[in-house]
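This report concerns only the one structure given below.
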Amino acid sequence: MATVTHPLVFLNNHLYVQIDGALWVYDTGADSSFGIRPVSLLGPAQEISADYAGFTAGDISSFLRETVAGIIGADLINPFDHLIDLRTNTLTVSDEQLACDGHVQPLDFFMGVPMLEAQIGSTRCKLFFDTGAQISYYQSSVPPGAEPAGTVDDFFPTVGKFTTDTHRFPVALNGFSPVVRFGKLPGLMGMSLGMAGVSGILGNELMRNRVTGYFPRRHQLILQP
């Protein structure tokens, strides 16, 4: 039984975990980790790939304008319980069961990436929960009453850089209905969501200034309103 606490760094709407002095993107939306050296959230460092579909830590650093050692994805995240505290900027990782107050969102998984059920307008849908996404994404029509929220420059491995128009509108989750900023993914990236049976991505906006419990072994995400 073991529990560790790592520093979190939240810069320009991107979430990093600091391990041995290096920044790693903390990314539940990535199915596998990659980077410049072995790494682990808990226990001995593990060997990881140097790239993902040809994208390296250097490519990610160039877009983010922060020097990162790589991305920590689902393969290294999902074996443990996590408390993501963006009030104190700490990440607690444990092979025991951790506890968190808030609204419990049941999770399913696709290739290790968590999905939760939601309702947008009159439409029931599934969304990926992606701590690596600075905004959320919804591939269907913008619901009535959505407020324009400007454009965002973003980046996804396998897609590269892109710009998206955004809107703010409510998303009904289990227990509460936060207003969230949504964009739309371009081209093949957007179409690939449909292959997984999801309509979009819920990014890290709901985690800011609060504690979030991510318990993949129990298929639970706990969000504070």
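The values are calculated or read from the model by the stated rules, or taken from the named source; none is laboratory data. Quick caveat: nothing in here was measured; it's all calculated off a predicted structure. Cβ: placed from backbone, ideal geometry, glycine included. Neighbour counts: every protein chain shown. We work out accessible area using only protein heavy atoms, side chains counted, and drop any ligands, DNA or RNA first. Shrake-Rupley method; radii C 1.70, N 1.55, O 1.52, S 1.80 Å.
Sort 217, 65 from largest to smallest accessible area, using a 1.4 Å probe on the heavy atoms of the protein chains.
The residues order as 65, 217, largest area first.
Quote the relative contact order of the chain in percent (integer), defining contacts as alpha-carbon pairs under 8 Å separated by 6+ residues.
Averaging sequence separation for qualifying contacts and normalising by length gives 23 percent for the chain.
Please work out whether the range 67-225 counts as rounded, prolate or oblate from its C-alpha gyration tensor, where a ≥ b ≥ c are the square roots of the eigenvalues and a/c under 1.5 means rounded, while otherwise a/b larger than b/c means prolate and anything else oblate? Walk me through the numbers before you get to the answer.
Values: a/c = 1.57, a/b = 1.33, b/c = 1.18.
Prolate.
Calculated FRET efficiency, residue 12 and residue 119, Cβ-Cβ r, R0 30 Å, to nearest 0.05?
Plugging the Cβ-Cβ distance into 1/(1 + (r/R0)^6) gives 0.50.
Would you mind listing how long the range 117-186 runs along its three principal axes, going by Cα atoms, in whole Å with the largest first?
The principal-axis extents, from largest down, are 34, 23, 17 Å.
Report the per residue volume, in Å³, of the convex hull enclosing the C-alpha atoms of the range 50-114.
Enclosed volume per residue, from the Cα hull, is 142 Å³.
Subtracting the Cα-Cα distance from 0.36 nm times the residue separation, let me have the gained length for residue 3 to residue 192 in nm, one decimal.
Working: separation 189, 0.36 × 189 = 68.04 nm, distance 3.59 nm.
Gain on extension, residue 3 to residue 192, equals 64.5 nm.
From the residues 64, 74, 45, which one has its Cα farthest along the dipole of the chain in the positive direction, the dipole being from +1 and -1 charges on Cβ of Lys/Arg and Asp/Glu about the Cα centre?
Final value for the positive-end residue is 64.
What number comes out for the charge environment of residue 213, summing +1 per Lys or Arg and -1 per Asp or Glu over other residues with Cβ under 11 Å away? Show your work: numbers first, answer last.
Numbers: positive: 210, 218; negative: 81, 85, 101.
With Lys, Arg at +1 and Asp, Glu at -1, the neighbours total -1.
Shape of the range 146-225 from its Cα gyration tensor (a ≥ b ≥ c, root eigenvalues): rounded if a/c is under 1.5, otherwise prolate when a/b > b/c, or oblate? The partial results should precede the final answer.
Working: a/c = 1.87, a/b = 1.33, b/c = 1.41.
Taking the square roots of the gyration eigenvalues as a ≥ b ≥ c, the range 146-225 is oblate.
For the range 1-138, state what percent of all Cα-Cα pairs lands in each successive 10 Å bin, counting from 0 Å until the bin that includes the largest distance.
Values per bin, smallest distances first: 11, 41, 35, 12, 1.
Provide 59, 20, 165 ordered by accessible surface of protein heavy atoms (probe 1.4 Å), highest first.
The ordering from most to least exposed comes out as 20, 165, 59.
Search the structure for amide H atoms under 5 Å from the amide H of residue 136, placed 1.01 Å from N in the peptide plane, and list their residues when 5 or more places away or on another chain.
181, 183, 203
Which order do 191, 207 take by accessible area at a 1.4 Å probe, largest first?
Details: 191 120, 207 0 Å².
Descending order: 191, 207.
Counting only protein heavy atoms and a 1.4 Å probe, tell me what percentage of the range 59-131's accessible area is made up of carbon and sulfur.
Of all accessible area on the range 59-131, carbon and sulfur atoms account for 47 percent.
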